Amino acid sequence: MSLLNYTTKKEPSDTISEIQQMLVEYGVNGVLTEYDGRAVSSMSFKINIDGNDRMFKMPCNWRGVHEIMKNDPKCGPKLRTEEQAIRVAWRIIKNWIESQLAMVEVNMVTVPQVFLPYTVMPNGLTLTENIEKNPTLLLKQV
């Protein structure tokens, strides 16, 4: 299977705008983009859930995508750039969010369930980052 969206020409800013528009339809009431220099490295957004604003943070690991692209023979030299990897990474995120929201649309899951791993905890890290730092958080005492 080849890398999803590896030939996209869609600029990251356009994709991020598409993502924001999708999220607004599902109750997002604030969006923040963070940069790692020239590229957007994550998008955070807040949703009011049961009267409380909850923050979620979607990371964009474009460097990981770039590594895959550099080693994929289907990606020609013109597609192996950092700029292309950033475009591809954001398109993949958009596809994932779109698929998740399709499940919300048909009542298979809720928005909080979809984004639970990306919930920002009081220490500023996402739930996933906290578990990666301390895997014992998943262990239940018997």
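The values are calculated or read from the model by the stated rules, or taken from the named source; none is laboratory data. Given the structure is predicted, the values throughout are model-derived calculations rather than measurements. Because the Cβ atoms are built from the backbone with ideal geometry, glycine has one as well, and the counts that use them run over all protein chains shown.
Can residue 33 be described as modelled with pLDDT of 95 or more, of a type outside the set (Lys, Arg) and within 14 Å of the chain's Cα centre (by Cα)?
So residue 33 fails the test.
Kindly provide the set of residues from the range 110-142 that are under 18 Å from residue 50 (Cβ atoms), part of a helix (DSSP H, G or I), without any contact (Cβ under 8 Å) to a residue 40 or more places away in the chain and β-branched (Val, Ile, Thr), ordered by number.
Scanning the range 110-142 gives a single hit, 114.
Is it true that some residue in the range 10-18 is farther than 18 Å from residue 96 by Cα and of a type in the set (Lys, Arg)?
No, the range 10-18 contains no residue that is farther than 18 Å from residue 96 by Cα and of a type in the set (Lys, Arg).
Hey, any hits in the range 132-139 for a residue that's modelled with pLDDT under 95 and acidic (Asp, Glu)?
yes
Could you tell me which numbered condition residue 120 fails, if it satisfies all but one of (1) surrounded by 14 or more Cβ atoms within 10 Å (Cβ to Cβ); (2) more than 18 Å from the chain's Cα centre (by Cα); (3) not hydroxyl-bearing (Ser, Thr, Tyr)?
(2)
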